[in-house]
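Every number here is computed from the coordinates shown, using simple stated rules; none is lab data. As the structure is a computational prediction, the values presented were derived from the model and not from experiment. Here the Cβ positions follow ideal geometry from the backbone for every residue, glycine too, while neighbour counts run over all protein chains shown.
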Ligand SMILES: [Zn+2]
């Protein structure tokens, strides 16, 4: 039996890459389909087309969009999808006011140098509540760590977990609070403990394929967490590289000078440098990061042109 065969009826995963999160369609309900997460804005038309195709094949309409958290790769398609489907959008309560007022200083988009078209939320997706769809009750659980306000969705009959960036098959998302000097590692641990207690039979992560062996993934997550706790500078380095890769996925190839300028202007890059690697000049540190990414085969350097390795 394939992994996808174990998903509850009506659940369809649109597996994407790393620039756009996965989107999950919860169908099988006469009221319409629920869409969980909408990817990055530069992929919004592609997301819209994939969603339209799935809805058409099931003769369904979109009744609701929900976001697991408000990062640009999870809610960047909201504006486009809302334009097309005019449905409500529910988001975790922690960032509700800042999204409602589009308070850029309190949202992550400016900090990370990423884009997200403005959208209006309709209601909060509050931890402790249950999202009813197709006769199933998807429990909403707080999942802080990667993002203080993130939630995950768990359906207890099939034991299906929508984990977003709290648990991937190999690890978890950057622990953003730690970059800002706020605690996050304890929250990651508590969220991994929560997932262990939920004992999912199948996990739909925010990035990468659906997987069944949550026990193994949790163990790997704990190992990574232990390493980052001991070496917070390595977490910072990992975060800095991940942000460069995300940027190159967005822009394609870029001249080294243009990329360096962008990094010097991007608050989170400067924050990481200042807090963890201030002993090295920022441009030397940036050059080190690019060299490491190149050696790891993640990026390709062709003269002064830098891009994601083919
Ligand atoms: Zn995220």
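Taking every DSSP beta bridge that has both residues in the range 146-211, what percent is antiparallel when rounded to the nearest 5? Mind dumping the intermediate values first?
On the way: 5 of 9 bridges.
Around 55 percent of the beta bridges assigned by DSSP in the range 146-211 are antiparallel ones.
How do 161-169, 223-231 rank on mean C-beta neighbours within 10 Å, highest first? Could the numbers behind the result be given before it?
Numbers: 161-169: 25.9, 223-231: 14.3.
Answer by packing, highest mean first, reads 161-169, 223-231.
Take the Cα pairs of the range 9-114, get the Kirkwood Rh, then feed it into Stokes-Einstein at 10 °C and 1.306 mPa s and tell me D in µm²/s. Could you put the intermediate results ahead of the total?
Values: Rh = 13.9 Å.
My calculation gives 114 µm²/s for D.
On a 0 to 90 degree scale, rounded to 10, what angle separates helix 256-265 from the longest Cα axis of the chain?
Approximately 70 degrees, to the nearest 10.
Counting other C-beta atoms within 10 Å, which of 250, 178 has the fewest, and how do the rest follow?
Lowest count first: 250, 178.
Using a simple spin-label model with points 7 Å from Cα along the Cα→Cβ vector, what separation in nm is obtained for residue 305 and residue 103?
So the two model labels end up 4.4 nm from each other.
Express the relative contact order of the range 162-310 as a whole percentage, based on alpha carbon pairs under 8 Å and six or more residues apart in sequence.
Here the relative contact order equals 22 percent.
Report, in whole Å, the centroid distance computed from the Cα atoms of the range 177-209 and the range 46-91.
Taking the Cα centre of the range 46-91 as reference, the centre of the range 177-209 is 24 Å away.
Taking the alpha-carbon centroid of each part, what is the distance from the range 96-167 to the range 233-295 in angstrom?
28 Å
Antiparallel versus total DSSP beta bridges in the chain: what percent is that, nearest 5?
70 percent
Show me 252-259, 265-272 ranked by packing, highest mean number of other Cβ atoms within 10 Å first.
Working: 252-259: 14.1, 265-272: 17.1.
Going by the mean number of other Cβ atoms within 10 Å, highest first, we get 265-272, 252-259.
What angle do you read, to the nearest 10 degrees and between 0 and 90, between the alpha-carbon axis of helix 214-230 and the longest principal axis of the chain?
30 degrees
What is the order of 75, 87, 41, fewest Cβ neighbours within 10 Å to most?
Lowest to highest Cβ neighbour count: 87, 41, 75.
Based on DSSP H runs of at least 4 residues, each adding -39500 (n - 2.57), what is the mean residue ellipticity at 222 nm of the chain after dividing by all its residues, to the nearest 500 deg cm²/dmol?
That comes out to -12000 deg cm²/dmol.
For the chain, find the longest principal axis of its Cα atoms and tell me its angle to the long axis of helix 44-57, 0 to 90°, nearest 10.
Between the helix axis and the principal axis of the chain, the angle is about 20 degrees.
Ratio of Rg to Rh for the range 233-308, alpha carbon only, Kirkwood? Show your work: numbers first, answer last.
Numbers: Rg = 11.4 Å, Rh = 12.3 Å.
Checking Rg against Rh, the ratio lands at 0.93.
May I ask you to compute the full-extension gain from residue 256 to residue 270, defined as 0.36 nm times their residue separation minus their alpha-carbon distance, rounded to one decimal in nm?
3.3 nm
Normalising by the residue count of the chain, find the relative contact order in percent from Cα pairs under 8 Å and 6+ residues apart.
Relative contact order here is 14 percent.
Dividing the alpha-carbon Rg of the chain by 2.2 N^0.38 Å yields what?
Cα-based Rg divided by the globular estimate yields 0.99.
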